[in-house]
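The structure appears below as structure tokens.
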Amino acid sequence: MKSKRSITTRKWTDRLVRAFSALAVALAVLTMLWIIGTVIAYGHHALRPSFLINPSRPYGIANGGIANALLGTIAITFGAAAIAVPPALLGGIYLSEYKDNRAITSVLRFSATVMMGMPSVIIGLFVYMIMVVPSGHFSGLAGSVALAIIMYPVIMRSTEDMLGMVPYTLRESALALGMTRTRTTLRIISFAARKGLLTGVLLALARVSGETAPLLFTALFADSWPTNYFGGPTANMPVLITEYATNSPFAEMHQAGWGAALVVMMLVLTINIATRLLFRGQNDGH
Amino acid sequence: MATKISARNLSFFYGSHQALFDNCLDIEERRVTAVIGPSGCGKSTHLRIYNRIFELYRDQRASGELLIDGVNILDPQIDVLELRRKVGMIFQKPTPFPMSVFENIAYALKLHFKLPRKELQQRVEQALRAASLWDEVKDKLKNSGLALSGGQQQRLCIARAIAVEPEILLMDEPTSAIDPVATLKIEELMLDLKEKYTIVVVTHNMQQAARVSDNTAFFFKGHIIEDGPTARIFTNPKQKKTEEYITGRFG
Ligand SMILES: Nc1ncnc2c1ncn2[C@@H]1O[C@H](COP(=O)(O)OP(=O)(O)OP(=O)(O)O)[C@@H](O)[C@H]1O
Ligand SMILES: [Mg+2]
């Protein structure tokens, strides 16, 4: 009798746990849908062609757009990628392929983890101190440097993970043919993991393209085209959104802020979906 | 019969764990030598010394001598890249590179030889023919090597290994991940290949050892218990352990 009851209890516990887990997942999905819905609801009014083509205009001037901020964000993000991606890939390769010094590897890995948890506002402040203050001006480049610092450990760790997924026998069979260690790593292992590596880079790009705090201290903002990337404040989407959607007293700018938020959200979602499709074929069937 | 490989008091260590103990073994040139023994007895470990592939791992170490054509290849002065060209290796799981069938072989060739395009193509074809794969892949040379069947992938790996003109082929359970028909093809291939190459094959399959090998070495717990002509080992083993193993009483 006793054992029978305990079976029923177990069954009910099992059902309960399952129900709550499902609920938790549903909550996460609902939150996402709610956010997307809200941004669309508030932002879609702004999406007129002129909004996407015109640069932003100072307070009170009609027909402002976001084109300069969009270009600025692209410049700042790609600038960050240009700075961070090559060394981050190399760092990831070192962590994954050259395990000969455990002490160095574990220090590197730990510091990457610390850097991933570093609040982005602190990174912004840091770049402000080392670039903006000495040069006497804000710049898009300083924004890129801040975002690069954020991307770096993320890409390094994803590279390490992706290379780690390539089976060891592939390394061995390359070496067994008389291939050097370097060539094996760069030509065979990185190539086998190429989709995963690209995915890591894209996800890091998507992640930093909406970072606001570091840009407030570095790129700041300007109602002009981002021609002054190296030497002056540079328009960008996150700062535009912050300023317009919350700090502005004008209804039109308020709406523009939400419109800009919608554009950023769609870009990030696109990158994420593209990455997902890309990652499907990871590892070439290994 | 000439001796191609000669292990002299070969021991092997994984960190502080000793896996091989004073192995002594002579391997004849242009013959197939089967390495048999229960799981974990050190067959792979022994084979992986021949091309020094174990050096990829920091805490692995071999001691003693391994002579190939009379030269101790464990000598640090030896050029391992050249050693590995001479001593090819086929693994249990096929490992084509993530590139086309053609490039899989061409890439290996380009590592060791500077060849004009025309000759490169000829050598790729030769290698594929030698691995009896040419007829099956000649129309899909541009397809990914990973798109072939398991048995074809394994023969691609064999073609890749023989393309660089080795003298020795090491095969560690080359057919254990492959279906019986493909296995038969690879066994036939081994009999062809021994005209030119010295082959050492690890196998768990006693029938396979009997079918393909001229000589057999029986490993047990890191020791070589017995070695000699396959026919004698299988019909008239000197050691009790050998007899017990080949009659399937353990392992
Ligand atoms: N990477 C390793 N680190 C530590 N010990 C190892 C390692 N690889 C193998 N060994 C040990 O060395 C011994 C021999 O292993 P080995 O792989 O050579 O056996 P094997 O005869 O090839 O077995 P199998 O037939 O299962 O492939 C075993 O005791 C094994 O546990
Ligand atoms: Mg083995």
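A few remarks follow.
- ³J(HN,Hα), Karplus 6.51/-1.76/1.60, whole Hz, each residue of region A:121-137, x for Gly, Pro: 5, 5, 5, x, 4, 4, 5, 4, 5, 8, 10, 5, 4, x, 7, x, 8
- In the protein assembly as shown, a dipole from Cβ-located charges (positive for Lys and Arg, negative for Asp and Glu) runs towards its positive end, and of A:N236, A:S6, A:Q255 it is A:S6 whose Cα lies farthest in that direction.
- Distance (nanometres) between label positions extended 7 Å along Cα→Cβ at A:I271 and A:T8: 5.5
- Straight-line reach from B:K110: taking Cα to Cα under 29 Å and skipping same-chain neighbours fewer than 8 places apart, the lysines in range are A:K99, A:K195, B:K4, B:K86, B:K93, B:K118, B:K138, B:K140, B:K142, B:K185, B:K194, B:K196.
- Loop-resident sites, region B:112-149, for trypsin sites (Lys or Arg not before Pro), counting at most 13 other Cβ within 10 Å (DSSP): B:K114, B:K138, B:K142
- Compactness index (Cα Rg / 2.2 N^0.38 Å), chain B: 1.01
- The HN-Hα couplings worked out from phi for region A:18-33 by the Karplus form 6.51 cos²θ - 1.76 cosθ + 1.60 (θ = phi - 60°) are 4, 4, 5, 4, 4, 5, 4, 4, 4, 4, 4, 5, 4, 4, 4, 4 Hz, whole numbers, x standing for Gly and Pro.
- Ordered by the number of other Cβ atoms lying within 10 Å of each residue's own Cβ, fewest first, A:V29, A:V263 fall into the sequence A:V29, A:V263.
- Rounded Å value of the spacing that divides the Cα centres of region A:104-144 and region B:5-49: 53
- Where labels lie 7 Å past Cα in the beta-carbon direction, separation of B:L74 and A:A103 in nm: 2.9
- Other-chain or far-sequence residues with amide H under 5 Å of B:E226's (modelled H): B:F218
- Considering only the protein assembly as shown, percent of DSSP beta bridges that pair antiparallel, nearest 5: 60
- Radius ratio Rg over Rh of region A:128-286, counting only Cα atoms, Kirkwood formula for Rh: 1.13
- Counted by neighbouring Cβ atoms within 10 Å, the residues B:E28, B:E173 run from fewest to most as B:E28, B:E173.
- Kirkwood analysis of region A:197-283, using all unique Cα-Cα pairs, places the hydrodynamic radius at 14.4 Å.
- Ordered by the number of other Cβ atoms lying within 10 Å of each residue's own Cβ, fewest first, B:R61, A:R171, A:R18 fall into the sequence A:R18, B:R61, A:R171.
- Partner lysines for B:K241 [C-alpha distance under 22 Å; skip if fewer than 8 residues away on the same chain]: B:K43, B:K221
- Separation of the B:S149 and B:E195 label points, Cα + 7 Å toward Cβ, nm: 2.5
- Computed 3J(HN,Hα) for region A:154-161, one whole-Hz value per residue from the Karplus formula 6.51 cos²θ - 1.76 cosθ + 1.60 where θ = phi - 60°, is 5, 5, 4, 5, 5, 4, 4, 4, glycine and proline marked x.
- If R0 is taken as 51 Å, the Cβ-Cβ distance between A:T169 and A:S135 corresponds to a FRET efficiency of 0.45.
- Chain A: most fluctuating residue of A:G92, A:G136, A:G64 per GNM, C-alpha cutoff 10 Å: A:G136
- Cβ charges +1 (Lys, Arg) and -1 (Asp, Glu), total dipole of the protein assembly as shown, debye: 1200
- Cα-based Kirkwood hydrodynamic radius, region B:55-177, one decimal, Å: 15.5
- Amide H within-cut-off set for B:V202, under 5 Å, with H built and near neighbours excluded: B:V35, B:M171, B:D172, B:E173
- In a fully extended conformation the segment linking B:K114 and B:F21 would gain 29.3 nm over its present Cα-Cα distance, using 0.36 nm per residue.
- When chain A is treated as a GNM with alpha-carbon contacts under 10 Å, the residue of A:L202, A:L71, A:L170 showing the greatest mean-square fluctuation is A:L170.
- Its alpha carbons considered, chain A gives a radius of gyration followed by a Dmax of 23.7, 82 Å.
- Cα gyration tensor, region A:7-46 - rounded (a/c under 1.5), prolate or oblate: prolate
- Nearest-0.05 FRET efficiency for B:D139 and B:N236, computed from C-beta distance (R0 51 Å): 0.55
- Each Lys and Arg adds +1 at its Cβ and each Asp and Glu adds -1 at its Cβ; summed about the Cα centre, chain A shows a dipole of about 1600 debye.
- Region B:144-251: mean projected area of Cα convex hull, nm²: 7.7
- B:M89 long-range amide H proximity, modeled H, under 5 Å: B:L170
- Measure of compaction for the protein assembly as shown (Cα Rg per 2.2 N^0.38 Å): 1.31
- Comparing mean-square fluctuations of A:A24, A:A146, A:A75 from a GNM of chain A with C-alpha springs under 10 Å, the top value falls on A:A24.
Only the coordinates and a few stated rules stand behind these numbers; no lab work does. Computed from a predicted structure; not experimentally measured. Virtual Cβ from ideal backbone geometry, glycine too; neighbours counted across all protein chains shown.
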